[in-house]
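Engineer: My questions all concern the structure below.
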Amino acid sequence: VLARRRGAGRWAGVLVGWLAQAGYALPGVIVALALVALATRWLDPLYNTLFLLVAAFVIRFLPQAIQGQEAGLQQIGANLSEAARGLGASRAGAFWRVVVPLLAPSALAAWVVVFLTAAKELPATLILRPLGFDTLPVRIWTPARDGLYADAGPAALLLVLVAIVPLYVLLARRRGVVPGLT
């Protein structure tokens, strides 16, 4: 949305877009180690908290969410919001009543992609997770590391099931199978 602006505001959108894309270039290990260094040096109260893990996930997966929204936004002509403004809607009203409903499908698709990718993120989770906090990838990796594959099986099955639900919703929505999501 910022990138659509004209004038000086456009550069803010371009800068935010460039910074957000850093997550593609940086592996999870690098992001996690940078956050550990930052927390241990300047933000000691945040070290070993869930906040750092969430920050790593935002850095890593924000590019996917932004690109999904950019694709949806490019399909919406600026003339639609201009038409709404011409019919008396405010800028915010045109955005909420025209642009947001048209962006909903791409938002759902972006959410599914981010969820599926984040559900299997292991390196950043291993480095940044607070003591006693486990995710499904950690529950799979820990016994598998020791060769206890039968112990890793239930968590792996749960991860597959958790991944199937949003994928089904996305594909069913595309085919018009799920009422209320079309």
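Engineer: Out of the residues in the range 58-104 that are surrounded by 15 or more Cβ atoms within 10 Å (Cβ to Cβ) and of a type in the set (Gly, Ala, Ser), state the one that is nearest to LYS120 (Cα to Cα).
Structural biologist: ALA65
Engineer: Residues in the range 96-114: is at least one under 30 Å from TYR47 (Cβ atoms), more than 19 Å from the chain's Cα centre (by Cα) and at pLDDT 90 or above?
Structural biologist: No, that holds for no residue.
Engineer: Just checking, does the range 31-40 include any residue being over 17 Å from VAL113 (Cβ atoms), at pLDDT below 90 and exposed (fewer than 13 other Cβ atoms within 10 Å of the Cβ)?
Structural biologist: First pass over the range 31-40, keeping only residues over 17 Å from VAL113 (Cβ atoms): 31-40.
Subsequent filtering for residues that are at pLDDT below 90 retains none.
No, the range 31-40 has no match at all.
Engineer: Hey, another quick one. Out of ILE76, ILE66, which single residue is over 30 Å from GLY132 (Cα atoms) and outside any helix (DSSP H, G or I)?
Structural biologist: On the way: ILE66 fails: outside any helix (DSSP H, G or I).
Going through ILE76, ILE66 in turn, the sole match is ILE76.
Engineer: Has the range 39-56 got any residue that is touching a Gly at 6+ places or on another chain (Cβ under 8 Å) and either in contact (Cβ under 8 Å) with a residue 40 or more places away in the chain or outside any helix (DSSP H, G or I) (or both)? If you could, list the steps in order and put the result at the bottom.
Structural biologist: Step one: list which residues in the range 39-56 are touching a Gly at 6+ places or on another chain (Cβ under 8 Å), which gives 56.
Restricting the remaining residues to those that are either in contact (Cβ under 8 Å) with a residue 40 or more places away in the chain or outside any helix (DSSP H, G or I) (or both) gives 56.
Within the range 39-56, one or more residues are touching a Gly at 6+ places or on another chain (Cβ under 8 Å) and either in contact (Cβ under 8 Å) with a residue 40 or more places away in the chain or outside any helix (DSSP H, G or I) (or both).
Matching residues to (1) free of Cβ contacts under 8 Å to residues at least 24 places away in the same chain; (2) over 23 Å from LEU159 (Cβ atoms); (3) out of contact with any Pro (no Cβ under 6 Å at 6 or more places or on another chain):
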residue: GLN67; (1), (2), (3): no, yes, yes
residue: GLY77; (1), (2), (3): yes, yes, yes
residue: GLY86; (1), (2), (3): yes, yes, yes
residue: GLY93; (1), (2), (3): yes, yes, yes
residue: VAL98; (1), (2), (3): yes, yes, yes
residue: TRP111; (1), (2), (3): no, no, yes
residue: LYS120; (1), (2), (3): no, no, no
residue: PRO130; (1), (2), (3): no, no, yes
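Engineer: Of the residues in the range 116-137, how many are surrounded by fewer than 16 Cβ atoms within 10 Å (Cβ to Cβ) and either in a helix (DSSP H, G or I) or among the hydroxyl-bearing types (Ser, Thr, Tyr) (or both)? Spell out the reasoning first.
Structural biologist: Pass one, the range 116-137, residues surrounded by fewer than 16 Cβ atoms within 10 Å (Cβ to Cβ): 117, 119-120, 122, 130-134.
Next, only the ones that are either in a helix (DSSP H, G or I) or among the hydroxyl-bearing types (Ser, Thr, Tyr) (or both) stay: 117.
Matching residues across the range 116-137 total 1.
The values are calculated or read from the model by the stated rules, or taken from the named source; none is laboratory data. This one's a predicted model, so the numbers in the text were calculated from it and none came from an experiment. Please note: Cβ atoms are built from the backbone with ideal geometry, for glycine as well, and neighbour counts cover all protein chains shown.
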